[in-house]
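What follows is a single structure, written as structure tokens, with notes after it.
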Amino acid sequence: MEIRTFREDDRAELRELFARAGEGSPTGSLWGHAESERDIYLEPYMDRAPDSLFLAADRGVLVGYLTGCLDGAAFPGESERMTRAIRRHRLYLRRGPAAFFAHAMLDAAGAAIRRQPAPGDFEDPRWPSHLHINVAPEARGTGAAQRLMESWQRRLKEAGSPGCHLQTLVENTRAVRFFERAGFTAHGPAPLVPGLRHRGGRVHQRTMVWSP
């Protein structure tokens, strides 16, 4: 297993990996439209932070990746990237995404009535860096995710970052355990994620933080 940073000639293969890397997990897809989701969670990192994008390759084939950003203040927020993707791909006109947005509006309205916290972008100068990590099903349990995370944490230390955050789902118990083993701890409330479903059930956002 080779761990290395992104190269421009990885772009096409990495796009293909993105479409299947999260398969089977609660965070595998937002609304079932890979191209727009790629515009949120992959394309900006290839364009803006390629030296913080780590890849796992098994005998030359990409099987996992970690997209990272050293300073979120210098990077478009997730909400901004999501809004752009929705508009660019006209997702309200697509059946799958439209169902997601309908569920989201109902969920958000119910949470507001019950005065429950809402999910959103995380901003705290103690943990300005952030990451997203995905490993293809065939590479899970091989140590690829651990080595990607180790490479990222080493980069954070070398760059002098005071800390890093990530956002996953409470219901993604495998991911939560992995992040805990990497030294991350839960931070803040766990609000409902409007619109998102996994196996028919609602899911909740889990923010986790790590400091060198």
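The values are calculated or read from the model by the stated rules, or taken from the named source; none is laboratory data. Since the model is a prediction, treat every value here as computed from it, not as a measurement. Cβ placement follows ideal geometry from the backbone for every residue including glycine, while neighbour counts extend to all protein chains displayed. Heavy atoms of the whole protein, side chains included, go into the accessibility calculation; ligands, DNA and RNA do not. Shrake-Rupley method; radii C 1.70, N 1.55, O 1.52, S 1.80 Å.
Restricting attention to the range 84-94, which residues are among the hydrophobic types (A, V, I, L, M, F, W, C) and open to solvent by 10 Å² or more (accessible area, probe 1.4 Å)?
First pass over the range 84-94, keeping only residues among the hydrophobic types (A, V, I, L, M, F, W, C): 85-86, 91, 93.
Within the range 84-94, Ile86, Leu93 qualify.
Pull up the range 164-183, narrow it to residues that are open to solvent by less than 60 Å² (accessible area, probe 1.4 Å) and over 15 Å from the mean Cα position of the chain (by Cα), then point me to the one that is farthest from Arg126 (Cα to Cα).
From the range 164-183, those open to solvent by less than 60 Å² (accessible area, probe 1.4 Å) are 164-170, 172, 175-176, 178-179, 182-183; that's our starting set.
If we keep only those that are over 15 Å from the mean Cα position of the chain (by Cα) too, we end up with 182-183.
Numbers: Ala182: 18, Gly183: 15 Å.
Going through the qualifying residues, I end up with Ala182.
Taking the range 119-129 as the search range and keeping residues that are closer than 18 Å to Gly195 by Cβ and modelled with pLDDT of 90 or more, which one is nearest to the chain's Cα centre (by Cα)?
Within the range 119-129, the subset closer than 18 Å to Gly195 by Cβ is 119-121.
After this cut, where a residue has to be modelled with pLDDT of 90 or more as well, the list is 119, 121.
Values: Pro119: 14, Asp121: 12 Å.
Step by step, filter the range 119-129, then rank; the result is Asp121.
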*Hey, can you tell me all the residues within the range 31-83 that are open to solvent by 40 Å² or more (accessible area, probe 1.4 Å) and among the hydrophobic types (A, V, I, L, M, F, W, C)?*
Ala34, Val61, Leu70, Ala73, Ala74, Met82
*Tell me, which strands (runs of 3 or more DSSP E) lie completely within the range 104-212 with 1 or more residues that are in contact (Cβ under 8 Å) with a residue 12 or more places away in the chain, in contact with a Cys (Cβ under 7 Å, 6 or more places away or on another chain) and of a type outside the set (Ser, Thr, Tyr)?*
129-135, 201-210
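Condition first: assigned to a helix (DSSP H, G or I), among the aliphatic types (A, V, I, L, M), within 26 Å of Leu156 (Cα to Cα) and at pLDDT 95 or above. Can you find one or more residues in the range 66-74 that meet it? Reasoning before the result, please.
First pass over the range 66-74, keeping only residues assigned to a helix (DSSP H, G or I): 72-74.
Applying the additional criterion that residues be among the aliphatic types (A, V, I, L, M) yields 73-74.
Cutting the leftovers down to within 26 Å of Leu156 (Cα to Cα) gives us 73-74.
Among the residues that remain, those that are also at pLDDT 95 or above are: none.
Scanning the range 66-74, I find no residue that is assigned to a helix (DSSP H, G or I), among the aliphatic types (A, V, I, L, M), within 26 Å of Leu156 (Cα to Cα) and at pLDDT 95 or above, so the answer is no.
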*Identity of the residue in the range 1-28, open to solvent by 60 Å² or more (accessible area, probe 1.4 Å) and assigned to a helix (DSSP H, G or I), that ends up nearest to Val176 (Cα to Cα)*: Arg20
